[in-house]
Amino acid sequence: MNISRAKGTKDIFFDDMKIWQYVEENIKEICIKHNIDQIRTPIFEDTTLFSRSVGDETDIVNKEMYTFLDKGNRSITLRPELTAGVVRAYIENGFSSMLTPIKLWYIGTMYRYEKMQKGRYREFSQFGIEVFGSDSYLADIEVISVAYELFKKLRISDKIALKINSIGCSKCRAKYIDTLKEYLVDKIDNMCDDCKIRYVKNPMRIIDCKQDKCKSAKQNLPMITDYLCDDCSKDFESLKQTLFDVGIEYEIDKTIVRGLDYYNKTVFEFISKDLGLAVGGGGRYDTLVEVLGGTHTPAIGFGLGMDRIILLLKEYELVKNNRNVDIYFIIFDSNIFPKVFKLTNDLRDLGYIIDIDICNRSFNAQLKYASKIKARYICIIGEDELKENLCGLKNMNTSEQIKVDMSAEEIGNILK
Ligand code: HAM
């Protein structure tokens, strides 16, 4: 019996892989230009890391984690998100004693046991950034602008809405939660079972419950933005004004509370306008470093769903395969291979994409292959050509054929 891939996972290859690489290359370039360093953290971590940071009562921790005991009887979890791991690394590696701010980016797979649907997988990837050491709204702007720059570069910025909210600090939130609970006290019995638990453990999560049963009870719900303290309110105003000043369009969405417990103040989501899917989300988590045992360090970050970005690029057919082979080398027998080995690598050093027969195929079969892979040129080399130190170069679009010196520079000049 054949073995299939596990539900919720996928193989990425060929054309799709090229789209992934295209996005990853853009991410890398943008992060370098913003002076953000890359970080890699383990795929599995101590389970407590996630229960303490993401929150015991969240769907992620409660229902979606891949948790198991390893052979040493330790409870291990495949990371369901990456912020917690980066914060752990921040504390464990003493980043707090280094030059501030610390700005980090990552791309990695994560794991959530979720119901499958379009754009929702059990293994998925995120590109994220985490910035430590600034409590200024300017850090919020800089972080949001990295995502915005990426969307612009990928030509999907007009297809994505930035939705922002402020969920306040612990001070203003305490007052708000009392009011929220008071408002819901005579309605909660008719709400869904999850909301009944949320009412006790984390009432703000009731706001983004999608169950029909809960909709009517939430119609005139008091909203946190009306309960912000002076500092949070001032910061939120500055954030909105500066987003406007720098030309980043946004909407205020008072229902954004985020599904992870570590957030405070600014929270935001990037939503695909056509598909209604969240392409990314993030916000401030000024207390998380402390909660996980470090010193007080304000921080903010986001995670973008790579799989969903790729989905959008494919949906709008925004990526062409621009990585065709520049020259396919056709050789008459395997003895020629070592003799052109240096030439092929010299051309690769000049930046060209070079391929060569490795199957001992006939001349005709090699020609057919070169045409199928849409090589721009073929370079034909037999014993005669080798003796003269020449090769036949054929432009596959025009069929024009010339003889040139077997030198990477000469060949490169023709390809330009
Ligand atoms: P999150 O909202 O849970 O936030 O995930 C961020 C993004 O990951 C989502 O908006 C979505 O695009 C993608 N995503 C989530 N689950 C799936 C899935 N099952 N399949 C495909 N894509 C998915 C976080 O994870 C936070 N750690 C983000 C953050 C970083 N906040 C601060 N720093």
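Scan the range 4-59 for residues that are farther than 19 Å from L292 by Cα, among the small types (G, A, S) and touching a residue at least 12 places away in the same chain (Cβ under 8 Å) and the total you get is 2. The set of residues in the range 52-90 being among the hydrophobic types (A, V, I, L, M, F, W, C) and within 16 Å of the ligand (Cβ to nearest atom) consists of V54, I60, V61, M65, L78, L82, A84, V86, V87, A89.
Listed by position, the strands (runs of 3 or more DSSP E) contained in the range 26-125 that have at least 2 residues being open to solvent by 40 Å² or more (accessible area, probe 1.4 Å) and under 20 Å from G281 (Cβ atoms) are 102-111. Among the conditions (1) hydrophobic (A, V, I, L, M, F, W, C); (2) within 12 Å of F302 (Cβ to Cβ); (3) near the ligand (Cβ under 9 Å from one of its atoms), the only one that M110 does not satisfy is (2).
A search for C-beta distances below 7 Å between a residue of the range 306-326 that is in contact (Cβ under 8 Å) with a residue 12 or more places away in the chain and any residue that is away from the ligand (no atom under 14 Å from the Cβ) and among the hydroxyl-bearing types (S, T, Y), counting only pairs 6+ apart in sequence or on different chains, returns V319/Y22; D326/Y352; D326/Y377. With respect to the conditions (1) open to solvent by 30 Å² or more (accessible area, probe 1.4 Å); (2) within 9 Å of the ligand (Cβ to nearest atom); (3) not in a loop (DSSP other than H, G, I, E, B), L138 falls short on a single one, namely (2). The residue that is modelled with the highest pLDDT, among those in the range 218-235 that are open to solvent by 100 Å² or more (accessible area, probe 1.4 Å) and outside any helix (DSSP H, G or I), is N220.
With respect to being within 12 Å of the ligand (Cβ to nearest atom) and assigned by TED's automatic domain parsing to the domain that holds G293, M98 falls outside the description. Scan the range 144-157 and give yes if some residue there is buried (at least 22 other Cβ atoms within 10 Å of the Cβ), of a type in the set (G, A, S) and either at pLDDT 95 or above or not assigned by TED's automatic domain parsing to the domain that holds T295 (or both), otherwise no. Yes, the range 144-157 contains a residue that is buried (at least 22 other Cβ atoms within 10 Å of the Cβ), of a type in the set (G, A, S) and either at pLDDT 95 or above or not assigned by TED's automatic domain parsing to the domain that holds T295 (or both). Among the residues of the range 189-202, those that are assigned to a helix (DSSP H, G or I) and open to solvent by 10 Å² or more (accessible area, probe 1.4 Å) comprise D189, N190, D193, D194, K196, I197, R198, Y199, V200, K201. Cβ-Cβ distances below 7 Å connect the following pairs, each with a first residue in the range 347-368 that is on the phi > 0 side of the Ramachandran plot, a second residue that is at pLDDT below 95 and among the small types (G, A, S), and a separation of six or more residues or different chains: N360/S334. Within the range 250-277, residues that are in contact (Cβ under 8 Å) with a residue 24 or more places away in the chain sit with their Cβ atoms under 6 Å from residues that are acidic (D, E) and assigned to a loop (DSSP other than H, G, I, E, B), at 6+ positions apart or across chains, in these pairs: N264/D286. Comparison of I164, I156 shows that the only residue that is touching a strand residue (DSSP E or B) at 6+ places or on another chain (Cβ under 7 Å) and either more than 21 Å from L312 (Cα to Cα) or away from the ligand (no atom under 12 Å from the Cβ) (or both) is I164. Go through the residues of the range 209-217 one by one and say whether even a single one is in contact (Cβ under 8 Å) with a residue 12 or more places away in the chain, open to solvent by 30 Å² or more (accessible area, probe 1.4 Å) and outside the structural domain of S51 (by TED's automatic domain parsing). Among the residues of the range 209-217, at least one is in contact (Cβ under 8 Å) with a residue 12 or more places away in the chain, open to solvent by 30 Å² or more (accessible area, probe 1.4 Å) and outside the structural domain of S51 (by TED's automatic domain parsing), which makes the answer yes.
E409 satisfies every condition listed in (1) modelled with pLDDT of 95 or more; (2) within 30 Å of D16 (Cβ to Cβ); (3) not in a strand (DSSP E or B) except (2).
The values are calculated or read from the model by the stated rules, or taken from the named source; none is laboratory data. Bear in mind that the values here come from a model prediction, so they are computed numbers and not experimental data. Positions of Cβ are generated from backbone atoms using ideal geometry, with glycine treated the same way; all protein chains shown enter the neighbour counts. Protein only, heavy atoms only, side chains kept; ligands, DNA and RNA dropped before computing areas. Shrake-Rupley method; radii C 1.70, N 1.55, O 1.52, S 1.80 Å.
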